Amino acid sequence: MTTWSIDPLPVPDGPDDPGLRELAHVTNAVDRELWGSDDFRRTTRELLESLRDDPYERHVVLGARDGGALLGYALLHLPRRENTHTGALELGVLPEHRRRGIGTALHAAALAHARADGRTRLTASTDQRVEPAPGTGTLAPPTGEGLVAADDAGVRFARRHGWDLEQVARYSVLDVPRDGDAAAREHVARLRADAEAHAGPDYRLLAWSAPTPADYAEQFAALQTEMSADDPHAGFEQDTQEWDAERVRRGEQTWAAQGRALLVMCAEHVPTRTLAAYTDLLVPDEPGEYVHQYDTLVARAHRGRRLGMLVKTANVQRLVDELPAVRRIGTWNAEENRWMLAINVALGFRPAGGSGEWQLRLDGRGDA
């Protein structure tokens with residue numbers, strides 16, 4: 001007999017809202033069980049701000065409750081500016097309450113909301129601590145790069161409900177070179193020196209923490225538009241995000257409200273005063289041992305000069321100097337993004353898991 005129900009969760013009043021604390025507890029418990037660590041833990045501030053509607057995205061929050069206790073959640077993120085035909089779904093159920101039909105009910109409720117909003121495509125991820133070795137019992141995406149285990153619970157759930165595997169992403173971790181690890185620090189320094197030699201005197205480094213300096217806001221927005229266009233999309237039917245200075249400011253305000261900041265490193269083409277490349281690290285206000293490597297891009301007109309390696313090595317050195325508590329940097333890359341993976345591997349990033357990236361066509365054979 002079913003004793004639980006699926007209901008919309010009210011918008012929290014603030015980071016101390018009891019319902020928000022409960023939602024954060026459940027989402028973090030799901031991630032901890034999957035990854036075996038708290039590196040992906042979301043604070044109530046982060047979760048609250050990620051669920052606030054803004055001009056670029058709105059959100060649907062659903063919960064499965066039994067006797068008042070939250071057992072699982074579905075978070076549906078619906079773009080408002082570009083990609084208004086799509087949405088992104090996060091779904092999780094506490095380990096001790098699985099295999100009761102709760103995930104299926106949350107999935108059906110989220111799809112009903114997506115269809116009512118006119119969405120024809122949804123995306124979702126299934127995480128894995130280790131990418132399986134080639135062989136039977138694995139699935140490969142149409143890109144031909146990367147694998148997921150066919151018997152993984154999340155993979156089985158996605159396939160059962162009509163989702164298509166479009167891409168596999170690699171999760172990589174860099175152990176930050178500290179004062180006591182001279183060899184690792186010298187390795188990063190050598191890579192930076194080599195990149196500087198290839199870039200030559202026409203390029204210089206610029207570093208800032210958000211907010212972006214006013215003189216560079218529009219240029220930084222242009223790089224993020226190019227990032228949206230160039231990031232490997234596999235079979236996902238997605239439009240390019242168009243960025244401007246206002247959108248950059250809005251994003252920085254959201255990060256700040258979440259209690260996080262961006263450490264940005266850019267390469268500027270000196271003769272034209274044009275930003276040619278950038279990378280950024282997403283850092284909590286009170287950093288612990290872990291930070292997230294966010295975006296990295298070299299503009300098309302400036303590729304072939306090792307600017308990607310230049311900005312990344314310089315930002316790692318900056319992190320070592322400014323945030324001595326940090327021990328690990330984590331990052332995600334599409335398995336077919338061989339250029340960025342090559343830079344990360346050369347820096348010392350090691351594979352630490354990954355994800356299957358899925359798409360559901362709601363105007364076709366998708367689950368009802």
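The values are calculated or read from the model by the stated rules, or taken from the named source; none is laboratory data. Please read these numbers as outputs of a predicted model, since none were measured by experiment. Please note: Cβ atoms are built from the backbone with ideal geometry, for glycine as well, and neighbour counts cover all protein chains shown.
Based on this model, can you work out whether Leu307 counts as within 19 Å of Pro284 (Cα to Cα), among the hydrophobic types (A, V, I, L, M, F, W, C) and either surrounded by 21 or more Cβ atoms within 10 Å (Cβ to Cβ) or over 20 Å from the mean Cα position of the chain (by Cα) (or both)?
It is false that Leu307 is within 19 Å of Pro284 (Cα to Cα), among the hydrophobic types (A, V, I, L, M, F, W, C) and either surrounded by 21 or more Cβ atoms within 10 Å (Cβ to Cβ) or over 20 Å from the mean Cα position of the chain (by Cα) (or both).
Could you look through the range 40-60, keep only residues that are of a type outside the set (D, E, K, R) and farther than 16 Å from Ala74 by Cα, and pick out the one that is surrounded by the fewest Cβ atoms within 10 Å (Cβ to Cβ)? I'd like the intermediate steps shown before the answer.
Of the range 40-60, the ones of a type outside the set (D, E, K, R) are 40, 43-44, 47-48, 50-51, 55-56, 59-60.
Imposing the further condition that a residue be farther than 16 Å from Ala74 by Cα reduces the set to 40, 43-44, 55-56.
Working: Phe40: 17, Thr43: 17, Thr44: 20, Pro55: 10, Tyr56: 14.
Step by step, filter the range 40-60, then rank; the result is Pro55.
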For the condition assigned to a strand (DSSP E or B) and in contact with a helix residue (DSSP H, G or I) (Cβ under 9 Å, 6 or more places away or on another chain), what is the one hit in Gly356, Gly308?
Gly356
Across the range 100-129, what is the total count of residues that are in a loop (DSSP other than H, G, I, E, B) and modelled with pLDDT of 95 or more?
6
Quick check, is Val326 within 30 Å of Gly154 (Cβ to Cβ), more than 18 Å from the chain's Cα centre (by Cα) and surrounded by 14 or more Cβ atoms within 10 Å (Cβ to Cβ)?
yes
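Let's see how each residue does on (1) closer than 23 Å to Ala112 by Cα; (2) of a type in the set (Lys, Arg); (3) in contact with a Pro (Cβ under 9 Å, 6 or more places away or on another chain):
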residue	(1), (2), (3)
Asp16	no, no, no
Gly36	no, no, no
Arg41	no, yes, no
Tyr56	yes, no, yes
Gly67	no, no, no
Sole residue being in a strand (DSSP E or B) and either modelled with pLDDT of 95 or more or under 30 Å from Pro132 (Cα atoms) (or both), chosen from Ala267, Ala314, Ala301:
Ala267
Determine if the range 229-238 includes at least one residue that is closer than 30 Å to Arg121 by Cβ and assigned to a helix (DSSP H, G or I).
yes
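For residues that are touching a residue at least 60 places away in the same chain (Cβ under 8 Å) and either out of contact with any helix residue (DSSP H, G or I) (no Cβ under 7 Å at 6 or more places or on another chain) or of a type in the set (A, V, I, L, M, F, W, C) (or both), tally how many sit in the range 119-143.
Start the filter on the range 119-143 by keeping residues that are touching a residue at least 60 places away in the same chain (Cβ under 8 Å), which leaves 119-131, 139, 141-143.
Right, trim to either out of contact with any helix residue (DSSP H, G or I) (no Cβ under 7 Å at 6 or more places or on another chain) or of a type in the set (A, V, I, L, M, F, W, C) (or both) and you get 119-125, 128, 130-131, 139, 141-143.
Looking only at that region, the number is 14.
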Output the number of the condition that Glu336 fails; it satisfies all remaining conditions of (1) of a type outside the set (Lys, Arg); (2) assigned to a loop (DSSP other than H, G, I, E, B); (3) over 25 Å from Glu145 (Cβ atoms).
(3)
Subset of the range 343-368 [modelled with pLDDT of 95 or more and either of a type in the set (D, E, K, R) or closer than 20 Å to Gly103 by Cβ (or both)]
Arg350, Ser355, Gly356, Glu357, Trp358, Gln359, Leu360, Arg361, Leu362
Give all pairs with beta carbons closer than 9 Å in which a residue from the range 315-327 that is of a type outside the set (Val, Ile, Thr) meets a residue that is buried (at least 17 other Cβ atoms within 10 Å of the Cβ) and assigned to a helix (DSSP H, G or I); count only pairs at least 6 apart in sequence or on separate chains.
Gln317/Arg185; Gln317/Val188; Gln317/Arg192
Output yes when any residue across the range 195-213 is without any contact (Cβ under 8 Å) to a residue 12 or more places away in the chain, assigned to a helix (DSSP H, G or I) and outside the structural domain of Ser125 (by TED's automatic domain parsing), and no when none is.
yes
For the range 1-39: of the residues being surrounded by 17 or more Cβ atoms within 10 Å (Cβ to Cβ) and over 17 Å from Val93 (Cβ atoms), which is modelled with the highest pLDDT?
Leu20
